[in-house]
1. Which residues, counting only those in segment 32-57, are modelled with pLDDT of 90 or more and more than 24 Å from residue 124 (Cβ to Cβ)?
2. So which of 156, 123 ends up being within 16 Å of the ligand (Cβ to nearest atom) and either closer than 28 Å to residue 195 by Cα or buried (at least 21 other Cβ atoms within 10 Å of the Cβ) (or both)?
3. Could you pull out the residue among 40, 65 that is assigned to a loop (DSSP other than H, G, I, E, B), surrounded by 18 or more Cβ atoms within 10 Å (Cβ to Cβ) and touching a residue at least 40 places away in the same chain (Cβ under 8 Å)?
4. Of the residues 182, 157, 139, which single one is modelled with pLDDT of 95 or more and closer than 14 Å to residue 108 by Cβ?
5. For segment 103-119, enumerate the residues that are surrounded by fewer than 24 Cβ atoms within 10 Å (Cβ to Cβ) and within 8 Å of the ligand (Cβ to nearest atom).
6. Residues being assigned to a loop (DSSP other than H, G, I, E, B), touching a strand residue (DSSP E or B) at 6+ places or on another chain (Cβ under 9 Å) and surrounded by fewer than 24 Cβ atoms within 10 Å (Cβ to Cβ): count how many of those fall in segment 13-37.
Ligand SMILES: [Zn+2]
């Protein structure tokens, strides 16, 4: 399983780290590979502490911790410079061009309250069935607080990969603070308790399995 080629479609740099940073570290340890298809290119944010270059630098730092490749969509922008991510044929075609030899697809969950995350789900859903052996949706804290129909049916033990996940999250030092990182890791510990004492887990909804 963890020696396979994973394609992870997220909206922003930092989503992969929140939802499945431990999994990505585990895939690395087991000889697999990960490409993160990021659909919202780093752009000027509302946050006064961040700009495009800062986000790109933080992404590079995280990549050096978790060792994954990236493909970044040239997202159209609104007049005010904010990204305009909508489901178009161009976007689907771009995502299809990134499929290559990837076997397992991961993305956000359809009930996410962030509109860009929901577009990622739609893109992943559109390209999933023809090309991939499995399609997983992330149980992504803190966005999962709003999920209503998420069936948490797939657990990944990341007990040995928590340090790398925390380090990858810390790469985004203008976005996460200790509280937000602890919130994510504490949720992973709660989910890990379903596996056993002192276990840590990331969880997913397995949409289908053709392996
Ligand atoms: Zn996001």
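1. Matches in segment 32-57: 53, 54, 57.
2. Exactly one residue qualifies, and that residue is 123.
3. Result of the check over 40, 65: 40.
4. Only one candidate passes the filter, namely 139.
5. Across segment 103-119, the qualifying residues are 114, 116.
6. So the count comes out to 1.
Conditions tested, residue by residue: (1) touching a helix residue (DSSP H, G or I) at 6+ places or on another chain (Cβ under 6 Å); (2) under 20 Å from residue 3 (Cβ atoms).
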{"site": "22", "(1), (2)": "yes, yes"}
{"site": "25", "(1), (2)": "yes, yes"}
{"site": "48", "(1), (2)": "no, no"}
{"site": "62", "(1), (2)": "yes, no"}
{"site": "75", "(1), (2)": "no, no"}
{"site": "79", "(1), (2)": "no, no"}
{"site": "83", "(1), (2)": "no, no"}
{"site": "88", "(1), (2)": "no, no"}
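The values are calculated or read from the model by the stated rules, or taken from the named source; none is laboratory data. None of these values were measured; they are calculated from a predicted model. Every residue, glycine among them, receives a Cβ derived from its backbone with ideal geometry; neighbour counts consider all protein chains shown.
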